[in-house]
1. So, in region 390-422, exactly how many residues are of a type in the set (D, E, K, R) and in contact (Cβ under 8 Å) with a residue 12 or more places away in the chain?
2. Please give the helices (runs of 4 or more DSSP H) falling wholly within region 56-155 in which 1 or more residues are over 29 Å from residue 37 (Cβ atoms) and assigned by TED's automatic domain parsing to the domain that holds residue 312.
3. With the condition being under 21 Å from residue 444 (Cβ atoms), I'd like the strands (runs of 3 or more DSSP E) fully within region 367-433 carrying at least 3 qualifying residues.
4. Tell me, please, whether a residue that is outside any strand (DSSP E or B) and out of contact with any Lys or Arg (no Cβ under 9 Å at 6 or more places or on another chain) can be found in region 45-53.
5. Among 284, 290, 261, which is assigned to a helix (DSSP H, G or I), among the β-branched types (Val, Ile, Thr), in contact with a Ser or Thr (Cβ under 9 Å, 6 or more places away or on another chain) and in the same structural domain as residue 317 (by TED's automatic domain parsing)?
6. In region 178-185, is there at least one residue being surrounded by fewer than 14 Cβ atoms within 10 Å (Cβ to Cβ) and under 23 Å from residue 129 (Cβ atoms)?
7. Condition check: modelled with pLDDT of 95 or more, in contact with a Leu (Cβ under 9 Å, 6 or more places away or on another chain) and β-branched (Val, Ile, Thr). Does residue 280 satisfy that?
8. For residue 357, all conditions in the list (1) surrounded by 20 or more Cβ atoms within 10 Å (Cβ to Cβ); (2) in a helix (DSSP H, G or I); (3) not basic (Lys, Arg) hold save one; what is the number of the exception?
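The values are calculated or read from the model by the stated rules, or taken from the named source; none is laboratory data. Only a predicted model underlies this, so the values are computations on that prediction, with no experimental measurement involved. Using ideal geometry, Cβ is built from the backbone for each residue, glycine included, and neighbour counts are taken over all protein chains shown.
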Amino acid sequence: MTAIPQERRVVTAIPGPKSVELQARRLAAVAAGVGSTLPVFTARAGGGIIEDVDGNRLIDFGSGIAVTSVGASAEAVVRRASAQLANFTHTCFMVTPYEGYVEVCEQLAELTPGDHAKKSALFNSGAEAVENAVKIARAYTKRTAVVVFNHGYHGRTNLTMGMTAKNMPYKQGFGPFAPEVYRVPVAYGYRWPTGAENAGAEASAQAIDEITKQIGAENVAAIIIEPVLGEGGFIEPAKGFLPAIAQFAKDNGIVFVADEIQSGFCRTGQWFACEDEGIVPDLITTAKGIAGGLPLSAVTGRAEIMDAAHAGGLGGTYGGNPVACAGALGAIETMRELDLNGKAKRIEEVMKDRLAQMQAKLPNGDIIGDIRGRGAMIAIELVKSGTKDPNPEAAGALAKACHAEGVMVLTCGTYGNVLRFLPPLVIGEDLLNEGLDVIEQAFGTL
């Protein structure tokens with residue numbers, strides 16, 4: 001495995017001629033519904049760099065949407081997955097099991113919040129994990145209703161599309177959706193009508209009132225929330241909101257599910273984002289950062305809840321694939337050895353300081369309405385100057401300017417006006433600052 005030089009290099013237009021050629025092939029062969037943020041075709045990636053087929057090296061502020069937290073070619077992931085590949089690629093855990101699956105479940109029991117007895121089931125994608133969490137909660141409670149929140153994102157299957165808040169591009173034209181899914185307010189501090197300081201108490205009271213009056217707490221199987229809402233705009237629910245909702249669930253026999261698919265595995269500077277306010281969820285869903293880029297997801301939770309589904313009721317042909325399990329064990333090894341929680345906290349310090357400076361000193365810095373997030377899950381919400389009106393045009397223009405200069409950034413948010421930053425946790429501080437320099441320069445193009 002050749003180490004990729006950890007330096008930005010732009011030697012062609014972005015995308016370059018080889019990427020343009022591959023894009024033409026892609027348009028002829030790949031369904032149009034599968035989009036790409038930037039049609040630059042990757043040749044190699046590692047550390048904080050993506051190298052394309054034209055030899056350009058981009059600073060990676062996306063991590064494949066929070067997946068390659070340990071880097072895109074982490075030594076322990078490659079070593080363990082390669083060894084597993086040489087032994088066997090698949091047997092199906094439901095046919096003849098293997099140790100790697102069990103070991104991943106043991107690690108999840110150890111790492112997730114709470115000291116109660118825990119069990120896990122492994123799947124392929126985040127949406128699969130969420131869908132199975134609902135199945136497990138329904139089996140345990142013998143209830144049907146599922147409560148989700150404004151600005152939440154949970155996946156692209158029929159059930160999880162119904163649970164996802166944002167219509168375009170996730171839901172438009174794909175209905176009807178699964179029934180018995182109900183949406184309630186979340187404490188979005190920046191946009192809460194009476195101010196961020198009131199959002200936690202007021203939003204939780206409003207959400208609980210709607211659940212009680214419009215659904216009936218006795219009908220709710222599960223309340224599912226991202227402790228930091230990802231696609232909805234990296235929204236940290238205002239303090240007090242999550243504890244109030246979790247307590248309401250506990251008081252009413254409702255399974256409280258933390259969707260940690262984007263925020264888990266050191267991304268926020270803790271193993272799981274729900275730890276920030278001491279939340280111990282009944283079930284926790286994980287994917288993305290769990291396996292260093294290999295497809296794996298999990299539902300982990302209280303043993304008595306996890307065991308509620310009948311034998312054969314959970315599973316799937318590829319769920320807990322042995323190569324993906326080996327990758328997960330390598331990723332967890334890397335997170336521990338390199339203290340990636342500590343590295344995430346340092347990334348937060350650097351990014352928030354630099355972004356605050358931009359907000360203060362740039363002539364157009366007031367379009368940065370909010371700087372938020374934790375660890376290496378940081379975002380800026382862009383607004384029209386002097387207002388809180390969403391400014392998706394600025395978000396798109398900034399992303400385009402960054403891409404042209406060799407920095408991979410992503411947008412998100414219900415209003416499309418949030419620039420989000422998800423660098424690999426192993427990124428060097430020099431690269432991190434260089435990427436921020438490019439972002440600062442990009443403001444000059446607006």
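1. So the first thing to find is which residues in region 390-422 are of a type in the set (D, E, K, R), and the list is 393, 400, 405, 420.
Checking the rest, the ones that are also in contact (Cβ under 8 Å) with a residue 12 or more places away in the chain come to 405, 420.
Qualifying residue count, region 390-422: 2.
2. Qualifying helices (runs of 4 or more DSSP H): 75-87, 99-111, 126-141.
3. Qualifying strands (runs of 3 or more DSSP E): 368-374, 377-382, 418-421.
4. Yes; the residues of region 45-53 include at least one that is outside any strand (DSSP E or B) and out of contact with any Lys or Arg (no Cβ under 9 Å at 6 or more places or on another chain).
5. 290
6. Within region 178-185, one or more residues are surrounded by fewer than 14 Cβ atoms within 10 Å (Cβ to Cβ) and under 23 Å from residue 129 (Cβ atoms).
7. Numbers: modelled with pLDDT of 95 or more: yes; in contact with a Leu (Cβ under 9 Å, 6 or more places away or on another chain): no; β-branched (Val, Ile, Thr): yes.
Criteria not met by residue 280.
8. (1)
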